[in-house]
Every structure is written in structure tokens, then in C-alpha cells.
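Just below is one structure, and these are the notes that go with it.
The values are calculated or read from the model by the stated rules, or taken from the named source; none is laboratory data. Note that the structure is predicted; figures quoted are calculated from it, not measured. Virtual Cβ from ideal backbone geometry, glycine too; neighbours counted across all protein chains shown.
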Amino acid sequence: MAKPTTVRIPDELLNEIDQFAQELELDRSAYLIQVLQKGFSVDKQERLLLKYVRGELSQMEVCRKLNWTPWEFLSRLKEKNLYLNVTLEDWQDSAQLVQ
Amino acid sequence: MSQMVADSSSLILLARCNLVERVCDLFEVIVPPAVTSEVASQRLVREYSDASLISDLISKGAIRTQSVARAGFPLSISLDQGEKEALLLAIELGKLQLATDDGKAIKAARFLGVPFAITPKIVVELHRLQRISFKMATESSEMLGRIGRYSPEIIGDALLSLVEQKNGKADNRKDT
């Protein structure tokens with residue numbers, strides 16, 4: 001169920017949104033909901049991936065929070081031009097294989 | 001045969017660089033049940049061919065699933081279930097080597113004194129142990145950079161190690 005909320009938006013931004021919604025004949029309220037959903041999704045990904053890169057979240061913790069499979073994780077990193085959070089020090093400390 | 005415990009990040013990268021079967025031939029690879037569900041659930045097997053490969057290896061016993069006795073044991077570093085179970089399993093089995101490609105899991109392993117191996121190192125080591133050719137090792141390393149999203153610094157170091165191993169062998173042959 002949708003709930004009402006109040007947000008203070010700068011005049012300039014609100015005017016721009018209103019003008020754009022009118023030009024495209026979009027319902028202002030429905031359009032704002034779409035923008036919020038899209039923006040939240042992108043921002044959530046960016047913030048969680050930043051925490052991953054910093055080593056504050058593990059790969060599977062990110063997958064769980066973003067509802068990704070571990071198999072798609074690598075392609076998502078590629079899309080964002082990010083690398084695994086394994087450091088050069090980890091590579092140097094990685095143990096030799098014992099047979 | 002030596003044993004190693006693997007988490008999801010490592011199994012996925014080994015599969016992506018075509019080495020998971022080779023590693024299973026050389027090591028008894030053990031995974032906790034949470035890792036099996038993370039990488040090879042029925043849905044994932046339908047969607048990803050490499051998940052299907054891992055599922056087959058589990059069915060054939062080439063990858064052994066083993067439960068953790070103390071799965072609820074608290075860790076000072078938070079991890080997801082599969083990463084945590086893999087780490088605890090490595091400890092329970094006498095601090096076995098943990099194959100992982102996750103920075104946070106590595107941090108936890110280091111803190112608990114568990115030896116860890118990242119996939120580029122596994123590739124270099126397989127070459128050192130003469131289990132894969134130089135060509136295969138370089139191709140796998142390059143795939144780890146391209147598909148596996150390993151940083152260029154680590155892949156550069158890995159390729160350098162492979163070249164040094166190759167030249168070292170060539171020098172040794174010259175000496176004899």
C-alpha cells in the first residue's frame with residue numbers, strides 16, 4: 001500500500017521535474033515514484049558495492065542484500081568497472097599449495 | 001590426497017577459468033552445505049552452465065559436502081553463511097587451506113590463523129607443481145583478470161611469477 005510522505009525539494013529541481021512530466025504527458029506523482037524507485041535501486045547498489053570494495057562487506061553479503069546470485073556478481077562488477085576486493089597483500093600472503 | 005575447503009567465490013572463479021575439475025583431481029575439495037546452495041541450487045543449475053558443472057562434481061563426489069559441527073560459532077568479523085561455514089569447516093578439519101577470493105573472508109582467515117589461497121595463486125601453484133602447462137596457466141590468469149575481475153596488479157604479478165617459473169625451469173635444464 002502506498003503511504004504519503006513529505007519531502008522538501010528545491011524549487012529549481014521541482015520546476016524541472018514538473019516541466020519534464022508535462023512535456024512527456026506523465027502523471028507527476030507516478031513519475032516521481034518511478035524516479036525514486038530507480039534512483040534508490042542505483043544508489044543502493046553503488047553504496048553496497050563501495051562497502052564491498054572497502055572490504056566492509058563480503059561478496060555474498062552484497063549478493064544477499066541486492067538479491068543477486070554469486071554467478072552474476074562478477075558481471076555486475078564489470079558493468080561498474082570495479083575489481084574484486086582482494087589486495088596485493090592478500091596475493092602475497094596467499095599460501096603455497098601443499099600436496 | 002591433500003584436502004582444501006572452498007567457498008563460493010573460489011568455486012565460481014575456478015569454474016570460470018576452467019580449472020575446477022583439475023583442482024578436484026589433485027585435491028579433496030570440501031564445501032559446507034551453505035556453499036552448495038549458494039553456487040549450485042536447482043535454479044542456478046538451470047541458469048548457469050558452470051553451476052551445473054559444480055553440481056555434477058558434487059554428485060560424483062569430486063567435491064565433498066560436509067556439515068560444520070559448530071555452525072553457530074560467533075566470529076568477530078561478520079560474514080554470510082557460506083563464507084562463515086567454509087571458514088569454520090577449515091578450522092574444524094585442522095586448519096585446512098581455505099580457497100577464497102573474498103577480501104573480507106581473507107581478513108577473517110588471517111585473524112583466525114587459517115591458511116588461505118586465492119585463485120591466481122592456485123593457478124601459479126598448479127603450474128609450479130607441473131600440473132598445468134604454461135599456456136594453460138597464462139590463459140587462466142588472463143581470464144581471472146578479464147572475467148574474474150582480479151585487479152591488473154595481481155594478474156600482472158601472477159603472470160610474472162609464471163614467466164619466472166618457466167625461465168627458472170629453462171635455466172635449470174641448461175645447468176644440467
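Candidates in region A:58-81 are the residues that are within 7 Å of another protein chain (Cβ to nearest Cβ) and of a type in the set (A, V, I, L, M); of these, the one that is farthest from B:Gly148 (Cα to Cα) is A:Met60. With the structure loaded, tell me whether B:Leu126 is over 12 Å from B:Ala6 (Cα atoms), assigned to a helix (DSSP H, G or I) and touching a Leu at 6+ places or on another chain (Cβ under 9 Å) or whether it fails that test. Spelling it out, B:Leu126 is indeed over 12 Å from B:Ala6 (Cα atoms), assigned to a helix (DSSP H, G or I) and touching a Leu at 6+ places or on another chain (Cβ under 9 Å).
Yes/no per residue for (1) of a type outside the set (S, T, N, Q); (2) more than 18 Å from B:Asn18 (Cβ to Cβ):
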position	(1), (2)
B:Glu92	yes, yes
B:Thr119	no, no
B:Ser140	no, no
B:Gly145	yes, no
B:Leu162	yes, no
B:Gly168	yes, yes
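Considering region B:140-176, the residues that are among the charged types (D, E, K, R), modelled with pLDDT of 95 or more and more than 24 Å from A:Ser75 (Cβ to Cβ) include one that is surrounded by the fewest Cβ atoms within 10 Å (Cβ to Cβ), namely B:Glu164.
Screening the candidates B:Gly94, B:Gly148 for the property of being at the interface with chain A (Cβ under 7 Å from one of its Cβ atoms) and part of a loop (DSSP other than H, G, I, E, B) yields one hit, B:Gly148. Candidates B:Thr119, B:Thr65: the one that is touching a Cys at 6+ places or on another chain (Cβ under 8 Å) and modelled with pLDDT of 95 or more is B:Thr119.
The rows are residues; the columns are (1) more than 28 Å from B:Glu139 (Cβ to Cβ); (2) touching a residue at least 24 places away in the same chain (Cβ under 8 Å).
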{"position": "B:Val5", "(1), (2)": "no, yes"}
{"position": "B:Ile30", "(1), (2)": "no, yes"}
{"position": "B:Val39", "(1), (2)": "no, yes"}
{"position": "B:Lys60", "(1), (2)": "no, no"}
{"position": "B:Thr65", "(1), (2)": "yes, yes"}
{"position": "B:Ser76", "(1), (2)": "yes, yes"}
{"position": "B:Leu79", "(1), (2)": "yes, yes"}
{"position": "B:Ala90", "(1), (2)": "yes, yes"}
